[in-house]
Amino acid sequence: MQGKALPGFRDFYPEELALRNHIFAVWRSVARRYGFEEYDGPPLEPLEIYTQKSGEEIVEQLYAFEDKGGRKVALRPEMTPTLARMVGERAQALKKPIRWFAIPQLFRYERQQRGRLREHFQLNMDVIGEAGPAADAEVMAAALDIMRAFGLGPAEVRLRISDRRVVVAKLRHSHHVAADELVPVLAALDKWERAPADSERLLTDALRADRARVRPVLEFMSGLRDGAAELRESAAAEPLNECVQRLGAMGLGPFVEVDFTIVRGLAYYTGIVFELFDQGRSLRAICGGGRYDDLIKAIAGVDLPCVGFGMGDVVLGELLKDRAKQPEAPAQLDAFLVAVSGEDVEPVLKLAHELRDQGVAVEYGLRHAAIRKQLELAAARGAPRAVIVGPDERAASEVVVRDLNAGTEEKVPVARLLNGFFR
RNA sequence: GUGGCUGUAGCUCAAUCGGUUAGAGCGCUGGACUGUGGCUCCAGAGGUUGCGGGUUCGAUUCCCGUCAGCCACCCCA
């Protein structure tokens with residue numbers, strides 16, 4: 001034994017690769033239905049494109065090293081900087097709004113847990129060049145239709161939407177939270193449901209232990225879930241409301257919950273944010289995204305509003321396995337050819353090759369063995385039928401076609417077998 | 001990077017109080033079965049008990065370390 005794959009990296013055995021391919025196929029199919037074009041970039045990038053926005057500490061979470069030319073490089077942990085560069089470079093030439101998607105393999109150097117490895121594949125869908133909530137609704141609808149395409153409905157998954165601008169407006173105007181206090185206060189909000197004690201400590205520090213200010217903000221946070229209706233009446237909630245309305249018009253309303261406790265990456269998003277969760281929340285977020293209107297300008301110097309999401313294959317794969325929503329493996333073979341006697345081996349080779357030339361998928365036993373052995377292998381391979389070639393059949397220019405599921409047999413002339421039988 | 005829990009065959013699990021050569025089912029290979037798979041029966045292969053050290057006459061079992069997995073933290077770009 002040579003040990004296993006590196007921690008957090010996966011070997012894909014055929015069964016696992018089949019699931020991955022199924023996931024990719026659904027992603028591509030829905031993305032294309034929505035008019036998105038696929039792009040890709042290099043898996044290895046200059047380190048700076050990740051540090052310039054997030055600072056040096058992010059290096060700890062990257063696969064970063066120096067290449068033989070002395071360049072500081074990193075395996076990509078996210079797709080957005082690459083996207084920003086690509087779009088920025090051709091910003092004048094591309095017709096807006098741009099609808100692009102990619103399925104990059106991403107890497108991060110972190111301790112792994114369930115649903116969180118050191119590499120994963122992540123669908124990225126982004127609409128670039130449209131600032132209105134119609135674009136937000138469009139990418140969310142795509143994310144939900146992907147769930148539907150996997151057979152997952154509102155009973156299984158939910159989309160939770162927030163708009164940080166609504167929360168921020170309330171915090172600033174009603175609770176007099178200063179601009180430089182916002183980030184720690186939002187961090188406290190992010191923790192509120194998972195770890196109230198930590199959240200309260202964070203909040204107290206953020207507001208400089210001013211009891212008179214801490215208490216109302218605490219009340220505000222604890223009432224956020226039920227107090228959504230009131231917040232949604234504020235002027236700042238207009239984009240969010242339009243987005244929800246559009247999703248409703250598309251018939252996706254049952255999936256949608258407005259939840260102002262959603263915060264997500266603080267350095268990144270500028271408006272509407274959303275997350276897709278399994279009902280019951282036993283897994284991590286399936287998908288997360290939102291609006292990041294300032295990022296392309298920061299990276300590429302071009303002012304283009306963006307909204308998009310990332311959806312990883314790991315949590316999604318766990319969910320599909322948990323819910324038994326894996327696809328049935330389609331038969332790999334059209335037929336398995338069986339040679340009755342040693343004399344039949346060469347005719348089987350000839351027939352196999354003629355069928356393969358026609359695009360028919362066939363296999364035969366590489367070692368001549370008893371018929372029962374050959375049929376056993378045929379069944380194990382999942383072949384829907386066996387084509388049996390023996391001296392008697394050859395004398396009559398026919399073969400016996402055995403339906404391996406039904407156990408029935410019929411005699412078929414070789415000429416017919418080679419002329420449309422498998423079509 | 002921090003803390004907690006768990007590591008026995010490909011998989012699911014046994015192994016008495018620390019006691020002989022670590023077992024079973026499934027799976028895999030071969031045979032019973034010479035022109036017909038799934039059933040049944042027989043046999044076989046497969047283990048450094050994660051790894052290293054310690055205690056002991058003797059360690060899968062107890063102790064320490066380490067690695068890996070899981071969980072929480074950090075982070076979620």
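If only residues of segment A:266-280 that are within 10 Å of RNA strand B (Cβ to nearest atom) and in a loop (DSSP other than H, G, I, E, B) are counted, the one that is nearest to A:LEU159 (Cα to Cα) is A:TYR269. In segment A:165-180, the residues that are over 17 Å from A:TYR269 (Cβ atoms) reach residues that are not aromatic (Phe, Trp, Tyr) with C-beta atoms within less than 6 angstrom, at least six apart or across chains, in these pairs: A:HIS175/A:PRO216; A:HIS175/A:VAL217; A:VAL177/A:LEU171; A:VAL177/A:VAL185. When the strands (runs of 3 or more DSSP E) confined to segment A:3-100 are screened for residues that are in contact with a Leu (Cβ under 7 Å, 6 or more places away or on another chain) and not aromatic (Phe, Trp, Tyr), those reaching at least 3 such residues are found at A:72-75. Taking residues in segment A:405-417 that are free of Cβ contacts under 8 Å to residues at least 60 places away in the same chain, and partners anywhere that are open to solvent by 60 Å² or more (accessible area, probe 1.4 Å), the pairs with Cβ atoms closer than 7 Å and at least 6 places apart or on different chains are A:GLU409/A:ARG402; A:PRO413/A:SER397. Close Cβ contacts (under 8 Å, 6 or more residues apart or on different chains) running from residues in segment A:293-310 that are within 18 Å of A:ARG165 (Cβ to Cβ) to residues that are open to solvent by 30 Å² or more (accessible area, probe 1.4 Å) and of a type in the set (A, V, I, L, M, F, W, C) comprise A:ASP293/A:ALA131; A:PRO305/A:ALA131. Here segment A:209-259 is the region considered, the condition is being of a type in the set (Val, Ile, Thr) and more than 26 Å from the chain's Cα centre (by Cα), and the residue that is farthest from A:LYS191 (Cα to Cα) is A:VAL214.
Is one or more of the residues making up segment A:42-50 open to solvent by less than 60 Å² (accessible area, probe 1.4 Å) and either among the polar types (S, T, N, Q) or more than 16 Å from RNA strand B (Cβ to nearest atom) (or both)? Taking every residue of segment A:42-50 in turn, at least one turns out to be open to solvent by less than 60 Å² (accessible area, probe 1.4 Å) and either among the polar types (S, T, N, Q) or more than 16 Å from RNA strand B (Cβ to nearest atom) (or both). In segment A:116-134, is there at least one residue being under 24 Å from A:VAL315 (Cα atoms), at pLDDT below 95 and surrounded by fewer than 17 Cβ atoms within 10 Å (Cβ to Cβ)? Within segment A:116-134 (the criterion being under 24 Å from A:VAL315 (Cα atoms), at pLDDT below 95 and surrounded by fewer than 17 Cβ atoms within 10 Å (Cβ to Cβ)), the answer is yes, since at least one residue qualifies.
Is at least one residue of segment A:246-264 aliphatic (A, V, I, L, M), within 13 Å of RNA strand B (Cβ to nearest atom) and surrounded by 13 or more Cβ atoms within 10 Å (Cβ to Cβ)? So far as segment A:246-264 goes, yes, one or more of its residues are aliphatic (A, V, I, L, M), within 13 Å of RNA strand B (Cβ to nearest atom) and surrounded by 13 or more Cβ atoms within 10 Å (Cβ to Cβ). Selection of segment A:378-423 for residues being near RNA strand B (Cβ under 8 Å from one of its atoms), more than 13 Å from A:PRO347 (Cβ to Cβ) and part of a strand (DSSP E or B) yields A:ALA386, A:VAL400, A:ARG402, A:ASP403, A:GLU409. A:ALA155 falls short of the stated requirement of being modelled with pLDDT of 95 or more and either more than 30 Å from A:LEU6 (Cα to Cα) or touching a helix residue (DSSP H, G or I) at 6+ places or on another chain (Cβ under 6 Å) (or both).
The values are calculated or read from the model by the stated rules, or taken from the named source; none is laboratory data. No experiment lies behind these values; they were computed from the predicted model shown. Cβ: placed from backbone, ideal geometry, glycine included. Neighbour counts: every protein chain shown. Just so you know, the surface numbers come from the protein's heavy atoms only, side chains and all, with ligands and any DNA or RNA stripped out. Shrake-Rupley method; radii C 1.70, N 1.55, O 1.52, S 1.80 Å.
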